[in-house]
Structure formats: C-alpha cells, structure tokens
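This report concerns only the one structure given below.
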Amino acid sequence: MKGSLLLQRSLFAIVSLLSHKDYICEKYNSIRRIRNTKCLIFAKFVLNLKTMDMKKLIHLAKKVSENAYAPYSKLKVGAAILTKTGKIFSGCNVENASYSLTICAERNALFSAVASGERDFVALALYSEDKMLPCGACLQVLSEFSDDMTIFVAWDGGVEEYRLSELLPKRFPL
Ligand SMILES: [Zn+2]
C-alpha cells in the first residue's frame, strides 16, 4: 500500500509539473506549487535546481566584479541575471569622472540581456566585497521587466535572498 501511495503521489507530481509549461523557468513559483502537493521528492529536485542557479549566479557576479571600472569609489560590483530561458547575462559597474554618468552592475547586466532579446527574468545576483543592496534606480529598471524576481545579495560574508517586490513595493508606473 505504501509503495502504491508513493507511486500515486509521484505520478500526481509529474502531471503537476508537466502541466506547468515552463516549470524549469518558473521553478521558484513551482516550488510553492509543489510544496502544496506535499511531494517532497520533486520539491527537493526543484530546490536543488534553485540552489545550483543561485551558486552559479553568485559565482558569475563575483567574477564579473573583477572587471568593474571604479577608480573613484573603489567599490567593485558585479551582477548576473538569469532569464526564463535559462540564459545568464552579467555586468559590472562602470564609473565616470562625471559622477552622474556612472552605471550600476545590475543595469549593465539587464541591458545586456535585453540587447540579446531577453525580457523575462527569474533572478539576479549582486556581488560586492561588502554587503550592498541594489539602488532605487536599478530596482525601478528591473521592475520594468518583472514584478517579482528573486534578488540574491552576496558579499564575502554571506548571501541574503529578497524578492524584488519586497525591495521595491511600489514602482513608478506609467
Ligand atoms: Zn544601481
């Protein structure tokens, strides 16, 4: 009976997953849905994917931060953004002697993705040596494409996970 019940639940979970068209791309939403089915096997599978993405994103954000052009602030920042199609784009901050022309790593990563035809995003990782949250300008620009992507804030001491909607509850609309 136990085996049969497990099989039944597994089949139910498979059907749930397959009926969710973009289940890989929308795995963060899937986690919540799968938790509702109480199928731990598949929840674990999806959670592992999430952990893998997070590590990869942070690794790339850290790597690209080495290319940051920050002669004025000395603050090197890197960002990596994950698209729904599974692609990753990265960017670093580029400062300018005319300070207001400086651009942040998050926007550089996003613009690079958009220039490649991507407009749907799942998560962004931000890395700097010391903990730093995205600025309001970057949050507004990210919110143009997603109301609720995951934001990983990583520094040499740890990682924190936020939702975009949490960091920017009310974006500027038109
Ligand atoms: Zn910014």
Of residues in the stretch 92-101 being of a type outside the set (A, V, I, L, M, F, W, C) and over 19 Å from the mean Cα position of the chain (by Cα), the one surrounded by the most Cβ atoms within 10 Å (Cβ to Cβ): Glu95
Taking the stretch 125-152 and keeping only residues that are of a type outside the set (A, V, I, L, M) and surrounded by 19 or more Cβ atoms within 10 Å (Cβ to Cβ), one is left with Tyr127, Ser128, Pro134, Cys138, Ser143, Ser146, Thr150, Phe152
With the first residue restricted to the stretch 131-152 and required to be under 17 Å from Ala113 (Cα atoms), and the second required to be charged (D, E, K, R) and within 9 Å of the ligand (Cβ to nearest atom), Cβ contacts under 9 Å at 6 or more apart or on different chains are Cys138/Glu106; Cys138/Arg107; Leu139/Glu106; Val141/Glu106; Val141/Arg107; Leu142/Glu106; Leu142/Arg107; Ile151/Glu106
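I'd like the full set of residues that are at pLDDT 95 or above and within 14 Å of the chain's Cα centre (by Cα), limited to the stretch 125-148. Show your work before the answer.
Narrowing the stretch 125-148 to residues at pLDDT 95 or above: 125-145.
Once the filter is applied, which keeps residues that are at pLDDT 95 or above and within 14 Å of the chain's Cα centre (by Cα), the stretch 125-148 yields Ala125, Leu126, Tyr127, Leu133, Pro134, Cys138, Leu139, Leu142, Ser143, Phe145.
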State all residues of the stretch 165-174 that are surrounded by 14 or more Cβ atoms within 10 Å (Cβ to Cβ) and either more than 15 Å from the chain's Cα centre (by Cα) or part of a loop (DSSP other than H, G, I, E, B) (or both); if no residue qualifies, say none. Leu168, Arg171
Answer yes or no: is there a residue in the stretch 31-51 that is modelled with pLDDT of 50 or more and surrounded by fewer than 13 Cβ atoms within 10 Å (Cβ to Cβ). yes
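Residues checked against (1) loosely packed, with under 14 Cβ neighbours inside 10 Å; (2) within 13 Å of the chain's Cα centre (by Cα); (3) within 12 Å of the ligand (Cβ to nearest atom); (4) under 19 Å from Val159 (Cβ atoms):
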{"residue": "Ala79", "(1), (2), (3), (4)": "no, yes, yes, yes"}
{"residue": "Lys87", "(1), (2), (3), (4)": "yes, yes, no, no"}
{"residue": "Ser90", "(1), (2), (3), (4)": "no, yes, no, yes"}
{"residue": "Ile103", "(1), (2), (3), (4)": "no, no, yes, no"}
{"residue": "Leu110", "(1), (2), (3), (4)": "no, yes, yes, no"}
{"residue": "Gly117", "(1), (2), (3), (4)": "yes, no, no, no"}
{"residue": "Ala123", "(1), (2), (3), (4)": "no, yes, no, yes"}
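The values are calculated or read from the model by the stated rules, or taken from the named source; none is laboratory data. Quick caveat: nothing in here was measured; it's all calculated off a predicted structure. Quick reminder, even Gly has a Cβ in these numbers, built from the backbone with ideal geometry, and neighbours come from all protein chains shown.
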